[in-house]
Amino acid sequence: MWGGRFASGPDAVMEEINASIGFDRRLAAEDVEGSRAHARMLAATGVITSGDADQICDGLLTILSEIEGGTFEFSRALEDIHMNVEGRLTALIGAPAGRLHTARSRNDQVALDFRLWVRARTDEAIAGLEALIRALVAQAEGREAVIMPGFTHLQSAQPVTWGHHMMAYVEMFGRDLTRFRDARARMNECPLGAAALAGTSFPIDRELTAKALDFDRPTANSLDSVADRDFALEYLSAASIAATHLSRFAEELVIWSSAQFRFVKLSDRFTTGSSIMPQKRNPDAAELVRAKVARITGAFVTLSTVMKGLPMTYSKDMQEDKEPVFDAADALSLALAAMTGMVADMTPNEARLREAAGAGFSTATDLADWCVRKLDIPFRSAHHITGALVKAAEERGVDLADLTLEEMQAVEPRITDDVYSVLTVDASVASRTSHGGTAPDQVKAQIARWKERLA
Ligand code: ARG
């Protein structure tokens, strides 16, 4: 490729550290697509003949089918996917192959290929998140009044509903959706035509290639075009946050499916048995989803660390951009699919959830609120009275609602019989009617909004 200037070939170690064909062969389809658009544009602008462009495009399609059919012979000596494809094109069609690289460099070529690849995986992440959100909405719908414990610090806090809890994750994954959509809009500019870094003296038409490859427009600055990997960083950043959400939910599924909690039953399809303990039903899928965040966030850290401190424009460091992104994209799509499957299949244990919701004096806040309203006292005083009542109940080993009126009045003489009406988990949940609260009508409204958004 650059034999003109070199007397000897590369050292074996040089070849090994330099070659990217071991992994960038995953860009084959994008490389062929980009090269075909480039060849067509070169013909349209009169830089090459349309006869040459036809031969180039046909040859490229042959190569793609060879790669997809597994008959293509990749060569490490040819370094990367770009040179492997061009080398094979030369073998197939001869001299016209040498015209394909006119007005182009591997720098804008790889920037384009990688961007096309990341854009496709962004679309896939968007579709995967939408599927997960649909599964969560389906879990929530009809269970707006299924009562379960709400936690802070994993300590009993206040009763909430299953529907409310599912819809909380819908909000999180919904933000992930918008992050991927925003990233996609920003990455949708075509770097092809930036050439090595400075642009080209050939009369190319960058609008034409941008349009042919479904980009909104060409990138504005040729130096930035070959130096930029923001699109991959943004993808990884959105992926890391989504993976963090997946991990948190997976952790809840692990806890909830334990014999001690019994909040949920995961289906046989997403659990495994033990080779020694016959009773076992392990939440392996949830555990692996919980762990995938490590490699996804690791990929973000890897790529941002590769990019930091790189001077303008392209440096070979940037060849290290692909493996982390490939790995993260694979991990994310698997994690999304596994979580969607688990959510679609899981069954909440409604009786157990209700029982757990009443534990740990979870309606103590309702009692304090009652004191504020009925006794016309400041919340802080009500908090103090309720604390004393919780202590009394704890000492007797009963729930708040099991204290007699006399026992309550021993703490605060103005308390009346009416207080018992706020101490049930149903009353507690029904009372939380503020916007976004856990009252069933509020949860129904959230579900309705999401169904409209997804329609
Ligand atoms: N394999 C290279 C990469 O992935 C392609 C670009 C090479 N450009 C260069 N000037 N050596 O980054």
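The values are calculated or read from the model by the stated rules, or taken from the named source; none is laboratory data. Remember, it's a predicted structure, so these values are computed and weren't measured experimentally. Counting neighbours? That spans all protein chains shown, and the Cβs are built from the backbone with ideal geometry, glycine included. The area values use the complete protein model at the heavy-atom level, side chains included, leaving out ligands, DNA and RNA. Shrake-Rupley method; radii C 1.70, N 1.55, O 1.52, S 1.80 Å.
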When the stretch 146-188 is checked residue by residue, the ones that are open to solvent by 50 Å² or more (accessible area, probe 1.4 Å) and not hydrophobic (A, V, I, L, M, F, W, C) are Thr152, His153, Gln155, Gln158, Glu171, Arg175, Thr178, Arg179, Arg181, Asp182, Arg184, Arg186
Of the conditions (1) open to solvent by 40 Å² or more (accessible area, probe 1.4 Å); (2) without any contact (Cβ under 8 Å) to a residue 60 or more places away in the chain, the single one that Phe261 does not satisfy is (2)
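Would it be correct to say that Ile255 is open to solvent by less than 60 Å² (accessible area, probe 1.4 Å), over 25 Å from Ala125 (Cα atoms), within 24 Å of the chain's Cα centre (by Cα) and more than 16 Å from the ligand (Cβ to nearest atom)? Spell out the reasoning first.
On the way: open to solvent by less than 60 Å² (accessible area, probe 1.4 Å): yes; over 25 Å from Ala125 (Cα atoms): yes; within 24 Å of the chain's Cα centre (by Cα): yes; more than 16 Å from the ligand (Cβ to nearest atom): yes.
Yes: the conditions hold for Ile255.
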When the stretch 65-81 is checked residue by residue, the ones that are more than 16 Å from the ligand (Cβ to nearest atom) and in contact with a helix residue (DSSP H, G or I) (Cβ under 7 Å, 6 or more places away or on another chain) are Ile67, Phe72
| message | Residues that are in a loop (DSSP other than H, G, I, E, B), modelled with pLDDT of 95 or more and either on the phi < 0 side of the Ramachandran plot or acidic (Asp, Glu) (or both): does the stretch 301-309 have at least one? | response | yes
Within the stretch 212-233, can one find any residue that is surrounded by fewer than 21 Cβ atoms within 10 Å (Cβ to Cβ), over 30 Å from the mean Cα position of the chain (by Cα) and not assigned by the TED database to the domain that holds Glu323? no
Met339 vs (1) assigned to a helix (DSSP H, G or I); (2) open to solvent by 50 Å² or more (accessible area, probe 1.4 Å); (3) touching a residue at least 60 places away in the same chain (Cβ under 8 Å); (4) not basic (Lys, Arg): all pass except (2)
Within the stretch 283-324, residues of a type in the set (Val, Ile, Thr) and touching a helix residue (DSSP H, G or I) at 6+ places or on another chain (Cβ under 6 Å) come out as Val289, Val293, Ile296, Thr297, Thr302, Val306, Thr313
Selection over the stretch 291-307 where residues are among the basic types (Lys, Arg) and either open to solvent by less than 20 Å² (accessible area, probe 1.4 Å) or closer than 14 Å to Asp228 by Cβ (or both) yields a count of 0
- Mind checking whether some residue in the stretch 283-290 is over 22 Å from Leu116 (Cα atoms), at pLDDT below 95, away from the ligand (no atom under 16 Å from the Cβ) and open to solvent by 80 Å² or more (accessible area, probe 1.4 Å)? no
So the helices (runs of 4 or more DSSP H) completely within the stretch 1-116 holding 2 or more residues that are within 18 Å of Lys316 (Cα to Cα) and free of Cβ contacts under 8 Å to residues at least 60 places away in the same chain are 12-18
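Determine, yes or no, whether Glu323 is farther than 22 Å from Ser225 by Cβ, open to solvent by 50 Å² or more (accessible area, probe 1.4 Å) and touching a Phe, Trp or Tyr at 6+ places or on another chain (Cβ under 6 Å).
Criteria met by Glu323.
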Subset of the stretch 87-113, residues crowded, with 22+ Cβ neighbours inside 10 Å and within 15 Å of the ligand (Cβ to nearest atom), comes to Arg104, Asp108, Gln109, Val110, Ala111, Leu112, Asp113
Only one of Glu406, Glu394 is under 14 Å from Ala364 (Cβ atoms), open to solvent by 70 Å² or more (accessible area, probe 1.4 Å) and either among the aromatic types (Phe, Trp, Tyr) or not assigned by the TED database to the domain that holds Gly142 (or both), namely Glu394
In the stretch 326-349, anything within 16 Å of the ligand (Cβ to nearest atom) and either in contact with a His (Cβ under 9 Å, 6 or more places away or on another chain) or under 16 Å from Arg229 (Cα atoms) (or both) is listed as Phe326
Of Ala168, Ala157, Ala145, Ala232, the only residue that is among the small types (Gly, Ala, Ser), more than 16 Å from the ligand (Cβ to nearest atom) and either assigned to a helix (DSSP H, G or I) or out of contact with any helix residue (DSSP H, G or I) (no Cβ under 9 Å at 6 or more places or on another chain) (or both) is Ala168
